[in-house]
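Asks: Just passing along the structure, written as structure tokens.
The values are calculated or read from the model by the stated rules, or taken from the named source; none is laboratory data. Predicted model, so just to flag it, every value in this text is computed and none were measured. Ideal geometry is used to build each Cβ from the backbone, glycine not excepted, and the neighbour counts take in all protein chains shown. Only protein heavy atoms, including side chains, enter the accessible area calculation; ligands, DNA and RNA are left aside. Shrake-Rupley method; radii C 1.70, N 1.55, O 1.52, S 1.80 Å.
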Amino acid sequence: MMKELDLSAADIGLMASVFSWTYAVMQLPAGHLIDRLGSRRVYTVAVTLWSLATLATGLCYRLPQFLAARLVLGVGEAPCFPASAKITTRWFPRRERGTATGIWDSSSKWGPALAPLLLVPVMVHWGWRALFVVTGVLGLIFVVAFWIGYRDPDGSRRLSAEERDLIQADAEAQDAPAEQEAEAVSWPRLFTQRTVWGMILGFFCTIWIWNIFLAFLPLYLVRTQGIDLAKLGLYASIPWLGGVVGDVGGGFLTTRLIARGVGSPLKVRRMLILACALLAGASVMLVPSAHGLAPTLVLLTLALCFISAITGSAWAIPGDVAPQHQVASVGAIQNFGGYFGGAFSPLVAGLIVDRTDSWSPAFYTGGVVAALAGLCYWFIVRRPIAGSAAA
């Protein structure tokens, strides 16, 4: 695509940044709408819009057209993760949410892992535009399946009475101690909360390096390791498999530690984030020093493993610090902070590569920022959201 349309690395970074900025800003109304209208309706409309924007991308020929399609894509994708966080709190007791969140959050790693294997052959035979047609159609198929197949627990006919009672009892236990205070915190006042700002800053640091991987991982392998297009599908998938392991493994680990009484769900998730952030930062900073394909892939895989463990736990935290009626809003605000700030990273990295012909500065700064995520969650996100009196 870059060769055919004469696009630079900075152009690719700008596309990623435009998406991230739009995605970030739309988090705020998306979370509020999910809490008011429910996950099922908002999710269905959102993914329909996402699928149409993806199809439209395959029809673009100039940079402004791509930027417009990416803008619409950001609008459509914005409600997806807050809705997933809301669904998790509706269906799972608090002690099980780490595993559940790790599983659904791992989809954002399975996608990049499987996409090159499945879509590079499509591109080789039918061109890069076919990629957007295929993924857009798959999105529309998902919309139909989700609308038919998903219901909240109170509307599900396949849920046993025993299971429904368990879910309801956990929801009441979560909301009861803080319900009176939490109701006093209006949506604008959430931005006055120390805990919320810790989540915003911590997720910004996480998404900064995440966006660099998402935007440039295939290009980095091609330019530094000399991989040809036919083999790119295999090699570009390997690091994302590490992301799947980190996401699911991190969720499973937090569930086990909580069950053993190591600490509260919030404390255990903060501990995991701190450890994984420091390990992720070290792995990212070592990537430019790797010589050869195998060491490079090992470090990239480790980095994505630790980063993914952070994102999985971060998406479980809204259920720990907020009552059910504000989980989507709090999760969306966290995601807004992450992607609004993190949107700059692909553009900055692309400009650095174009100007210096080196990837090292992007990885060095990204590693430092990734490590800072752990400090934000550990030192700032210390307790559930307080009511107006405590604030």
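Asks: Between a residue in segment 126-149 that is more than 25 Å from residue 65 (Cβ to Cβ) and any residue that is open to solvent by 60 Å² or more (accessible area, probe 1.4 Å), which pairs come within a Cβ distance under 8 Å, given they are 6 or more apart or on different chains?
Replies: Short answer, once both residue conditions are applied: none.
Asks: So if I check each of 109, 86, which one is touching a Gly at 6+ places or on another chain (Cβ under 6 Å) and either in contact (Cβ under 8 Å) with a residue 60 or more places away in the chain or farther than 20 Å from residue 335 by Cβ (or both)? Give the steps one after another, and end with the answer.
Replies: Values: 86 fails: touching a Gly at 6+ places or on another chain (Cβ under 6 Å).
Within the list 109, 86, the selection yields 109.
Asks: In the list 253, 304, 257, which residue meets the criterion of being closer than 21 Å to residue 375 by Cβ and in contact with a Lys or Arg (Cβ under 8 Å, 6 or more places away or on another chain)?
Replies: Selected residue: 304, the only one of 253, 304, 257 that is closer than 21 Å to residue 375 by Cβ and in contact with a Lys or Arg (Cβ under 8 Å, 6 or more places away or on another chain).
Asks: When residue 231 is evaluated against the numbered criteria (1) in a helix (DSSP H, G or I); (2) open to solvent by less than 20 Å² (accessible area, probe 1.4 Å); (3) more than 29 Å from residue 99 (Cα to Cα), which criterion, by number, is the only one it fails?
Replies: Single failed check for residue 231: (2).
Asks: Exactly one of (1) more than 16 Å from the chain's Cα centre (by Cα); (2) closer than 21 Å to residue 240 by Cβ is unmet by residue 310. Its number?
Replies: (1)
Asks: Against the definition (open to solvent by 10 Å² or more (accessible area, probe 1.4 Å) and either assigned by the TED database to the domain that holds residue 317 or assigned to a helix (DSSP H, G or I) (or both)), how does residue 377 come out, yes or no? Before the answer, list the steps.
Replies: Numbers: open to solvent by 10 Å² or more (accessible area, probe 1.4 Å): no; either assigned by the TED database to the domain that holds residue 317 or assigned to a helix (DSSP H, G or I) (or both): yes.
No: the conditions fail for residue 377.
Asks: List the residue pairs whose Cβ atoms are under 9 Å apart, where the first residue sits in segment 252-266 and is touching a residue at least 40 places away in the same chain (Cβ under 8 Å) and closer than 18 Å to residue 103 by Cα, the second is open to solvent by 30 Å² or more (accessible area, probe 1.4 Å) and assigned to a loop (DSSP other than H, G, I, E, B), and the two are 6 or more positions apart or on different chains.
Replies: What qualifies is 258/264.
Asks: Consider segment 59-77. How many of its residues are touching a residue at least 24 places away in the same chain (Cβ under 8 Å) and within 13 Å of residue 5 (Cα to Cα)?
Replies: 5
Asks: Out of (1) surrounded by fewer than 18 Cβ atoms within 10 Å (Cβ to Cβ); (2) more than 19 Å from the chain's Cα centre (by Cα); (3) in contact (Cβ under 8 Å) with a residue 12 or more places away in the chain, what's the single condition that is false for residue 33?
Replies: (1)
Asks: If you check 381, 327, which single one turns out to be β-branched (Val, Ile, Thr), touching a helix residue (DSSP H, G or I) at 6+ places or on another chain (Cβ under 7 Å) and at pLDDT 90 or above?
Replies: Criteria check complete, one pass: 381.
Asks: Next up: Taking segment 338-374, which residues are in contact with a Leu (Cβ under 7 Å, 6 or more places away or on another chain) and within 19 Å of residue 201 (Cα to Cα)?
Replies: 371, 374
Asks: Scan segment 256-264 and give yes if some residue there is at negative phi, buried (at least 24 other Cβ atoms within 10 Å of the Cβ) and in a helix (DSSP H, G or I), otherwise no.
Replies: no
Asks: Since residue 49 meets every condition but one in (1) at pLDDT 95 or above; (2) crowded, with 22+ Cβ neighbours inside 10 Å; (3) among the hydrophobic types (A, V, I, L, M, F, W, C), which condition does it not meet?
Replies: Of everything listed in (1) at pLDDT 95 or above; (2) crowded, with 22+ Cβ neighbours inside 10 Å; (3) among the hydrophobic types (A, V, I, L, M, F, W, C), residue 49 misses just condition (2).
Asks: Enumerate the helices (runs of 4 or more DSSP H) found wholly within segment 55-152, keeping only those where 1 or more residues are of a type in the set (Lys, Arg) and under 22 Å from the mean Cα position of the chain (by Cα).
Replies: Working: elements: 63-77, 80-91, 97-105, 107-126, 129-149.
Fully inside segment 55-152 and qualifying: 63-77, 80-91, 97-105, 107-126.
Asks: For residues that are closer than 27 Å to residue 263 by Cα, touching a Pro at 6+ places or on another chain (Cβ under 7 Å) and among the β-branched types (Val, Ile, Thr), scanning just segment 284-338, find the one that is surrounded by the most Cβ atoms within 10 Å (Cβ to Cβ).
Replies: Here the residue is 330.
Asks: Let me ask something else. Take segment 353-374 and flag every residue that is crowded, with 20+ Cβ neighbours inside 10 Å, closer than 30 Å to residue 269 by Cα and not aromatic (Phe, Trp, Tyr).
Replies: 362, 366, 367, 369, 370, 371, 373, 374
Asks: Something else: Of the residues 68, 16, which is small (Gly, Ala, Ser), open to solvent by less than 50 Å² (accessible area, probe 1.4 Å) and not assigned by the TED database to the domain that holds residue 269? Walk me through it before giving the result.
Replies: Numbers: 68 fails: open to solvent by less than 50 Å² (accessible area, probe 1.4 Å).
Going through 68, 16 in turn, the sole match is 16.
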